[in-house]
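Undergrad: Sending over a structure as structure tokens; questions will come in a sec.
The values are calculated or read from the model by the stated rules, or taken from the named source; none is laboratory data. None of the values given here were measured: they were computed from a predicted structure. A quick note on method: Cβ atoms are made from the backbone with ideal geometry, for glycine too, and the neighbour counts reach across all protein chains shown.
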Amino acid sequence: MNTDTICAIATPAGSGAIAVIRLSGENSIEVVDEIFFSKNPQKKLISQKTNTVHLGILKDKNEIIDEVLVTIFRKPNSYTGENIVEISCHGSMFVQQKILQLIINQGVRLAKAGEFTLRSFLNGKMDLSQAEAVADIIAANSESMHKTALSQMRGGFTNEIKILRTQLLDFISLIELELDFSEEDVEFVNRKQLKTLLLDIQRVISKLLNSFAAGNVIKNGIPTAIIGDANVGKSTLLNALLNEEKAIVSDIAGTTRDAIEDSISLEGLTFRFIDTAGLRETNDKIENLGIQKTLQNIEKARIILYLLDATNFENGKQKLLPLLEQYFDKKWIIVVNKIDKIENFNFSIFENFEKSVKTVFLSAKYRNGIENLIKILVETVNVDVKIAANEVVVTNIRHYEALSRAFESLNRALNGLETKIPTDFVSQDIREVLFYLGEITGEITTNEILGNIFAKFCIGK
Ligand SMILES: Nc1nc2c(ncn2[C@@H]2O[C@H](COP(=O)(O)OP(=O)(O)OP(=O)(O)O)[C@@H](O)[C@H]2O)c(=O)[nH]1
Ligand SMILES: [Mg+2]
């Protein structure tokens, strides 16, 4: 394990009011002491207490670089578990680089992405899933994402897993003892108790596996496909929802060929809107590929906004019914667009149009009625996502995979107990359960796993 001192700019690239440069490692306090001068010439950082802040100037030989605040965290009570110094300087790019260079000149190494958090994990300050949650918190851009990441950082579901894993470890040691005495036909392990524990674990894992779908929605946004005939205003609606001219809009039917998508957070929920190629008969090869893709996007979506043109809806209506039947498990919302084109719009034409499905009337072009659509969108998903946000949820694909593997091994172990196969096979399956559960929390890690996780972090975290 590396214990050298590392440094990085912890604030985003660019200039700002303040920037923070961070050092971690045995020598961080001494290193900063070399360039830091307090008003009181007697004051040395090395003799200051932990968690204290000091005002002074940084100097490169005799040249003053900046007036700064220096915060000291002594090991082991710091983020990384090592000595940490944070220098808050004025946020000019030039000053930041200059200070960083000064520190590096003293033999401190530039930190790799996520290295501070990696050290925190290696020093036992947090488990692996908590470290991953740190990255998720930084990436969170909606309330629900933030909530789940925060709950995970504070322990989330891994506490429960750790407890069950420890209990299982106790059993496995007894089982293995039993195997050592196999000639003597003794039973140290109460099979009934073991089975109860395995069933407990099975219940927990299966709950977590089920939460992944909801977790995924929270993290990546609720996939919402915008579907309909050509020219009904799908791209116009996408732009209105995103508040941005993302997709090309034109009065030529068949404008959108490839699916266009983007996410936006609406009332705390992230929606991923997918604008698609209009459904119509055409000989255009590329457009046809686009239409096939539209069908795949219906498949992947959770919510379908089905657009109709208020001035010309017969065609769209005919296509809607078979789609509704085929994709009955999706949440459909019918959007009647271009109502600005009709004076004295007669809503009753659409009444009972499709009883089970909500209908919204709007003008995408003039952004009339968009608020109402957003309200209905939020209502549509709120129920299931809200539940998910308050429970522990798995949002991380790595955790999901490890849990799936653990689940398989667990079922084999339970089967083995049932059919009374030789104990060493059962013990092998239980070892596997332990292995996969340990992978989540980091009790079992490989360099490859660590490398994958921390490479995704920002430098300075
Ligand atoms: N008056 C009016 N025109 C609209 C409205 N929404 C869209 N349009 C117009 O309808 C035409 C088609 O709009 P698009 O958004 O490109 O339609 P689309 O469904 O994406 O079309 P394709 O990509 O070809 O399938 C454009 O000329 C838009 O300006 C609306 O609410 N009112
Ligand atoms: Mg379009």
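Undergrad: Tell me which residues, restricted to region 322-351, are among the hydroxyl-bearing types (S, T, Y) and not in a loop (DSSP other than H, G, I, E, B).
TA: Applying the first criterion (among the hydroxyl-bearing types (S, T, Y)) to region 322-351 yields 327, 348.
Correct list: S348 only.
Undergrad: For region 261-282, what are the residues that are within 16 Å of ligand 2 (Cβ to nearest atom) and among the aromatic types (F, W, Y)?
TA: F273 - this is the single residue of region 261-282 that is within 16 Å of ligand 2 (Cβ to nearest atom) and among the aromatic types (F, W, Y).
Undergrad: Of all residues in region 117-164, which are over 11 Å from the mean Cα position of the chain (by Cα) and of a type in the set (S, T, N, Q)?
TA: Correct list: T117, S120, N123, S129, Q130, S151, T158, N159.
Undergrad: Then there is this: Applying the selection to region 243-255, what residues are in contact with an Asp or Glu (Cβ under 6 Å, 6 or more places away or on another chain) and either under 20 Å from K300 (Cα atoms) or near ligand 1 (Cβ under 6 Å from one of its atoms) (or both)?
TA: Result: G254, single match.
Undergrad: For the structure I just gave you, tell me whether I29 is surrounded by 15 or more Cβ atoms within 10 Å (Cβ to Cβ) and not in a strand (DSSP E or B).
TA: Values: surrounded by 15 or more Cβ atoms within 10 Å (Cβ to Cβ): yes; not in a strand (DSSP E or B): yes.
Yes; evaluated as a whole, the condition is true for this residue.
Undergrad: Output the residues belonging to region 414-433 that are free of Cβ contacts under 8 Å to residues at least 12 places away in the same chain and part of a helix (DSSP H, G or I). Break it down stepwise before answering.
TA: We begin by selecting, within region 414-433, every residue free of Cβ contacts under 8 Å to residues at least 12 places away in the same chain; these are 415, 418-422, 425, 428.
Result: N415, E418, T419, F425, Q428.
Undergrad: For region 283-315, what are the residues that are within 14 Å of ligand 2 (Cβ to nearest atom) and in contact (Cβ under 8 Å) with a residue 40 or more places away in the chain?
TA: Selection gives T294, N297, L305, L307, D309.
Undergrad: Please go through region 208-237 and pick out each residue that is more than 9 Å from ligand 1 (Cβ to nearest atom) and over 14 Å from the mean Cα position of the chain (by Cα).
TA: Correct list: L208, L209, N210, P223, T224, A225, I227.
Undergrad: Of these, L102, L69, L55, which one is within 30 Å of M126 (Cβ to Cβ) and under 39 Å from the mean Cα position of the chain (by Cα)? Write out each step before concluding.
TA: On the way: L102 fails: within 30 Å of M126 (Cβ to Cβ); L55 fails: within 30 Å of M126 (Cβ to Cβ).
Going through L102, L69, L55 in turn, the sole match is L69.
Residue-wise test of (1) in a strand (DSSP E or B); (2) in contact (Cβ under 8 Å) with a residue 60 or more places away in the chain.
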{"residue": "D4", "(1), (2)": "no, yes"}
{"residue": "P12", "(1), (2)": "no, no"}
{"residue": "I21", "(1), (2)": "yes, yes"}
{"residue": "D33", "(1), (2)": "no, no"}
{"residue": "K43", "(1), (2)": "no, no"}
{"residue": "I57", "(1), (2)": "yes, no"}
{"residue": "E82", "(1), (2)": "no, yes"}
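Undergrad: Considering each of E160, E82, E115 in turn, give the residue that is acidic (D, E) and at pLDDT 95 or above.
TA: E82
Undergrad: Cβ contacts < 7 Å: first residue farther than 19 Å from K338 by Cβ, restricted to region 218-244; second residue near ligand 2 (Cβ under 9 Å from one of its atoms), any location; separation 6+ or different chain. Result?
TA: A225/T276
Undergrad: Kindly check whether there is at least one residue in region 435-456 that is at pLDDT 85 or above, of a type in the set (A, V, I, L, M) and assigned by TED's automatic domain parsing to the domain that holds Q152.
TA: Yes, region 435-456 contains a residue that is at pLDDT 85 or above, of a type in the set (A, V, I, L, M) and assigned by TED's automatic domain parsing to the domain that holds Q152.
Undergrad: Across region 59-80, which residue is nearest to D4 (Cα to Cα) among those that are touching a residue at least 12 places away in the same chain (Cβ under 8 Å) and among the β-branched types (V, I, T)?
TA: Filtering region 59-80 for residues that are touching a residue at least 12 places away in the same chain (Cβ under 8 Å) and among the β-branched types (V, I, T), the one nearest to D4 (Cα to Cα) comes out as T80.
Undergrad: All but one of (1) more than 13 Å from ligand 2 (Cβ to nearest atom); (2) surrounded by 23 or more Cβ atoms within 10 Å (Cβ to Cβ); (3) not assigned by TED's automatic domain parsing to the domain that holds D136 hold for G215, so report the exception by its number.
TA: (3)
Undergrad: Separate question: Could you list, ordered by first residue, the pairs with Cβ atoms under 7 Å in which the first is in region 87-108 and over 23 Å from T52 (Cβ atoms) and the second is surrounded by fewer than 16 Cβ atoms within 10 Å (Cβ to Cβ) and of a type outside the set (S, T, Y), at least 6 apart or interchain?
TA: Correct list of pairs: M93/G14; I104/L110.
Undergrad: Among (1) in contact with a Pro (Cβ under 9 Å, 6 or more places away or on another chain); (2) assigned by TED's automatic domain parsing to the domain that holds D200, where does L417 come up short?
TA: It fails just one condition, (1).
Undergrad: Considering only residues that are surrounded by fewer than 18 Cβ atoms within 10 Å (Cβ to Cβ) and polar (S, T, N, Q), look in region 128-177 and name the one that is farthest from I264 (Cα to Cα).
TA: Among those that are surrounded by fewer than 18 Cβ atoms within 10 Å (Cβ to Cβ) and polar (S, T, N, Q), it is S173.
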